[in-house]
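The values are calculated or read from the model by the stated rules, or taken from the named source; none is laboratory data. Keep in mind the model is a prediction, meaning the values are calculated, not measured. Don't worry about glycine lacking a Cβ; one is built from the backbone with ideal geometry, like all the others, and counts go over all protein chains shown. Ligands, DNA and RNA are excluded from the accessible area calculation, which covers all protein heavy atoms including side chains. Shrake-Rupley method; radii C 1.70, N 1.55, O 1.52, S 1.80 Å.
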Amino acid sequence: MVGQTRAWRLGSLYMRITRSINEWQLEYHRPRHQNENMQDWEILDMDTAFSEPTVLERYMFAHTGDSLSLYPRLADRSVIVKPINPIFIPAGQQGTLFVSTPLWTAGFVGGQREPLFDIAINRPKDSWFGPDTIKGELCYATPVEGRTDLRQLVPRAFRAVTPVHFHNTSNTLLQLDRMNLPVQALPLFHCSDSGRIWTSQIRVVQDTPNRPPRIRIENRTPPQAGQVAFIQPPRIGEGGLFHMFDSFF
């Protein structure tokens, strides 16, 4: 309806969307220091006052449609995953590490393939991943819980679970200190039973200690995910991933 306004609090992010005849408006407030542990949400009164500073974005149309839909998305850059303690995979062994990364929220309207807006709910810190300041890429760094037992990974409304399956087929011990998770190349799914949001599984095979591992994005979630429903496709195709995988370990 023209003139209608809706407002929400997603974690510590406050946002308000208003429709007029010829434009959509997005107003939001993000605290300077966001609390990652705030994983709840609520619907607010449309005239709720936001703290300063606020951001106002306006999107002009010949005539606005009847609806705007909000969808979760994965981050628009790779996310550095660094376990608190190093993880070792002995020769011939394999296992799955479940990690969670922050979600964005995107607003889609009919007739538009790309979202009007695409913002982080809890924006992670910028970081650099690479051997030096020339070779590498700009990523995000965020506190990451990595668990080999999914039951120990606390469900969070604004984080998606990525299963990374490691298989060490070499004859030496493999040490995982950190990895550069290419979340923008992963599709997104939702499990209504558990309430978790999932990505597809990444499979990492280490054949030779002195060579990069073989990495494949699988077209499925692990059995532990249960029945899932598709939400969003990857942001980018696999063709843009080779430079990311060079520094996976």
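Some points to look at:
- Filter result for R235 (surrounded by 17 or more Cβ atoms within 10 Å (Cβ to Cβ), modelled with pLDDT of 85 or more and assigned to a loop (DSSP other than H, G, I, E, B)): yes
- For F242, the criteria (1) modelled with pLDDT under 90; (2) surrounded by fewer than 19 Cβ atoms within 10 Å (Cβ to Cβ); (3) under 17 Å from V81 (Cβ atoms) hold in every case but one, which is (3).
Conditions (1) open to solvent by less than 30 Å² (accessible area, probe 1.4 Å); (2) assigned to a loop (DSSP other than H, G, I, E, B); (3) modelled with pLDDT under 95, marked per residue:
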position: L103; (1), (2), (3): yes, no, no
position: R113; (1), (2), (3): no, yes, yes
position: R123; (1), (2), (3): no, yes, yes
position: W128; (1), (2), (3): no, no, yes
position: P131; (1), (2), (3): no, yes, yes
position: K135; (1), (2), (3): no, yes, yes
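- Verdict on T54 being touching a Lys or Arg at 6+ places or on another chain (Cβ under 8 Å) and open to solvent by less than 60 Å² (accessible area, probe 1.4 Å): no
- Pick from segment 159-179, criterion open to solvent by 20 Å² or more (accessible area, probe 1.4 Å) and of a type outside the set (V, I, T), ranking: nearest to Q93 (Cα to Cα): H167
- Restricting attention to segment 180-213, the residues that are part of a strand (DSSP E or B), of a type in the set (A, V, I, L, M, F, W, C) and over 15 Å from I231 (Cβ atoms) total 4.
- Count of segment 41-51 residues which are outside any loop (DSSP other than H, G, I, E, B) and surrounded by 13 or more Cβ atoms within 10 Å (Cβ to Cβ): 2
- Residue match in segment 66-86 (condition: assigned to a loop (DSSP other than H, G, I, E, B) and farther than 27 Å from L176 by Cα): yes
- Subset of segment 10-35 that is open to solvent by 20 Å² or more (accessible area, probe 1.4 Å) and among the charged types (D, E, K, R) - its residue that is farthest from V55 (Cα to Cα): E23
- Selection from segment 202-217 of residues that are without any contact (Cβ under 8 Å) to a residue 40 or more places away in the chain and open to solvent by less than 40 Å² (accessible area, probe 1.4 Å): V205, P213, I215, I217
- Conditions (1) outside any loop (DSSP other than H, G, I, E, B); (2) surrounded by fewer than 10 Cβ atoms within 10 Å (Cβ to Cβ): number failed by F108: (2)
- Within segment 137-158, the residues that satisfy the criterion of being of a type outside the set (S, T, Y) and open to solvent by 50 Å² or more (accessible area, probe 1.4 Å) are L138, P143, R147, R151, Q152, V154, P155, R156.
- Residue within segment 69-89 that is over 29 Å from T199 (Cβ atoms), crowded, with 17+ Cβ neighbours inside 10 Å and in contact with a strand residue (DSSP E or B) (Cβ under 8 Å, 6 or more places away or on another chain) present: no
- Segment 219-231: number of residues that are open to solvent by 20 Å² or more (accessible area, probe 1.4 Å) and either assigned to a loop (DSSP other than H, G, I, E, B) or in contact with a Pro (Cβ under 8 Å, 6 or more places away or on another chain) (or both): 9
- For segment 83-96, the criterion of being within 29 Å of V164 (Cα to Cα) and under 17 Å from the mean Cα position of the chain (by Cα) is met by none of the residues.
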